[in-house]
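Some notes on the structure that comes next.
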Amino acid sequence: MSNTNERLQKVIAQSGITSRRKAEILIVEGKVKVNNKVVTELGTKVTPEDKIEVDGVPLEKEQSVYYLFYKPRGVISSVKDEKGRKVVTDFFPEVEERIYPIGRLDYDSSGALLLTNDGAFANLVMHPKYGVEKVYVAKVKGIPSKEDLRKLIKGVKDKGEVLKALRFRVLSTDKKKNTSLLELTLREGKNRHVRRMMEQLGYPVIKLKREKYGILTLDGLRVGEFRKLTPKEVNQMRNLASKNVEE
């Protein structure tokens, strides 16, 4: 499958020996071999089976690791932040592999976030058109009508994008406080998707949590905790994403 192909400079950078920019320089300088042949073209795609050498030294690939993290609010879904704010990888001080988050969960939101060093897996799970289902629970201002909620399925326009939900469910309403608790299932994951969608309908999000990512739930995890995925879970997520891509 094409999703297993990755740019050579990215694979070199992910091995931990150098940055992506430095890897690009090494490629252009003719210091990188793929299957015993010098490669100087940036953007060359390689597979996990390809033998890569940098300056005559075989590239040692990190063992692939997969984590489910219960992201707290007030944490950036990145490996670094220019403003010095807390990032998700700050919660993984003992993990030696160069892991990074799969997709994003915005600063003010909490819940299920996956981290890995497996680029092919990340690309598959994040496939933009047939993404893995993600379930959110949103506390919103106001009590949406059924008519308004049905618009979530048809799609809501915002800044030139159409934002959709696959399914919705009203969990509870509080007439005194004028708030509602909604469960929203998405396949796409555009920037601040749920917040923008509900804002356009006139029901701003007060609190947002991603409860489920594909087959994975937060059961057994507290805020700020993480666990490794089992090999079975990794395969189930791969199969789920592959099935969606084939549909």
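The values are calculated or read from the model by the stated rules, or taken from the named source; none is laboratory data. A quick note: this is a predicted structure, and the numbers were derived from the prediction, not measured. Here Cβ is always computed from backbone atoms with ideal geometry, including for glycine, and neighbour counts include all displayed protein chains. Heavy atoms of the whole protein, side chains included, go into the accessibility calculation; ligands, DNA and RNA do not. Shrake-Rupley method; radii C 1.70, N 1.55, O 1.52, S 1.80 Å.
Numbers at a glance
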{"item": "Selection count where residues are part of a helix (DSSP H, G or I) and either open to solvent by less than 70 Å² (accessible area, probe 1.4 Å) or under 25 Å from residue 237 (Cα atoms) (or both), scope the stretch 133-183", "result": "4"}
{"item": "Filter result for residue 28 (modelled with pLDDT of 90 or more, open to solvent by 70 Å² or more (accessible area, probe 1.4 Å), over 23 Å from the mean Cα position of the chain (by Cα) and over 24 Å from residue 208 (Cα atoms))", "result": "yes"}
{"item": "Subset of the stretch 111-128 [under 20 Å from residue 185 (Cβ atoms) and out of contact with any helix residue (DSSP H, G or I) (no Cβ under 8 Å at 6 or more places or on another chain)]", "result": "111, 112, 126, 128"}
{"item": "Selection from the stretch 185-242 of residues that are over 14 Å from the mean Cα position of the chain (by Cα) and on the phi > 0 side of the Ramachandran plot", "result": "202, 220, 224"}
{"item": "Residue, farthest from the chain's Cα centre (by Cα), within the stretch 136-179, restricted to residues that are among the small types (Gly, Ala, Ser) and over 12 Å from residue 198 (Cα atoms)", "result": "145"}
{"item": "Considering residues of the stretch 184-195 that are surrounded by 17 or more Cβ atoms within 10 Å (Cβ to Cβ) and more than 24 Å from residue 243 (Cβ to Cβ) only, the residue modelled with the lowest pLDDT", "result": "192"}
{"item": "Checking residue 71 against (1) among the basic types (Lys, Arg); (2) open to solvent by 80 Å² or more (accessible area, probe 1.4 Å); (3) modelled with pLDDT of 90 or more; (4) closer than 27 Å to residue 234 by Cα, the condition it does not meet", "result": "(2)"}
{"item": "Test: residue in the stretch 76-95 that is within 22 Å of the chain's Cα centre (by Cα), touching a residue at least 24 places away in the same chain (Cβ under 8 Å) and open to solvent by 60 Å² or more (accessible area, probe 1.4 Å)", "result": "no"}
{"item": "Tally of residues being open to solvent by less than 20 Å² (accessible area, probe 1.4 Å) and more than 30 Å from residue 109 (Cα to Cα) across the stretch 44-68", "result": "3"}
{"item": "Filtered residues of the stretch 204-234 (kept if open to solvent by 30 Å² or more (accessible area, probe 1.4 Å) and either assigned to a loop (DSSP other than H, G, I, E, B) or within 21 Å of residue 141 (Cα to Cα) (or both))", "result": "204, 206, 207, 209, 211, 215, 219, 220, 222, 223, 225, 230"}
{"item": "Pairs with Cβ under 7 Å, 6+ apart, first in the stretch 15-31 and on the phi > 0 side of the Ramachandran plot, second at pLDDT below 90 and open to solvent by 90 Å² or more (accessible area, probe 1.4 Å)", "result": "16/98"}
